[in-house]
1. Quick one: which residue in 61, 76 is without any contact (Cβ under 8 Å) to a residue 60 or more places away in the chain, assigned to a loop (DSSP other than H, G, I, E, B), open to solvent by less than 70 Å² (accessible area, probe 1.4 Å) and under 26 Å from residue 15 (Cα atoms)?
2. Within the range 27-35, does at least one residue satisfy the condition of being buried (at least 19 other Cβ atoms within 10 Å of the Cβ) and basic (Lys, Arg)?
3. Select from the range 87-106 the residues that are in contact with a Gly (Cβ under 9 Å, 6 or more places away or on another chain) and open to solvent by 50 Å² or more (accessible area, probe 1.4 Å) and write down the one among them that is modelled with the lowest pLDDT.
Amino acid sequence: VQLQASGGGLVQAGGSLRLSCAASGGSFSRYALGWFRQAPGNDREFVSAIRGGDKLFATSVRGRFTISRDNAKNTVYLQMNSLKPEDTAVYYCAAAESLIYSSLPNDGAWPYWGQGTLVTVSS
């Protein structure tokens with residue numbers, strides 16, 4: 001599976017961005033899909049994931065970010081609203097054929113990764 005993330009950029013605090021991650025290869029509709037981020041000097045952290053009808057969000061983004069998928073386009077989206085400077089990071093998408101729900105926040109559990117897209121939120 002190959003993943004290509006896009007949609008990052010520079011936005012002012014309070015603004016919105018939508019990230020996209022297009023997948024090729026494999027059976028996209030069967031995959032769990034996730035978003036992680038890594039800020040400078042920090043470890044990579046979980047942002048959100050979608051697995052079947054389940055959606056999971058990190059506490060820090062719940063209520064501001066939404067995740068969705070379009071199986072016809074083999075694409076997963078991360079809609080980010082009310083952005084804050086602390087959301088500044090490189091955002092990565094990830095995919096997995098099967099993950100138990102409790103493993104979704106664990107970046108080590110995801111075998112396939114995109115290249116990352118930079119989101120910068122100015123204050």
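The values are calculated or read from the model by the stated rules, or taken from the named source; none is laboratory data. Remember, predicted model here, so these are calculated numbers, not experimental data. Note: ideal-geometry Cβ built from the backbone for every residue, glycine included; neighbour counts use all protein chains shown. Each accessible area value is taken on the protein alone, full model and side chains, heavy atoms only, with ligands, DNA and RNA left out. Shrake-Rupley method; radii C 1.70, N 1.55, O 1.52, S 1.80 Å.
1. When all the criteria are applied, what remains is 61.
2. No, because not a single residue in the range 27-35 is buried (at least 19 other Cβ atoms within 10 Å of the Cβ) and basic (Lys, Arg).
3. Filtering first and then ranking leaves 97.
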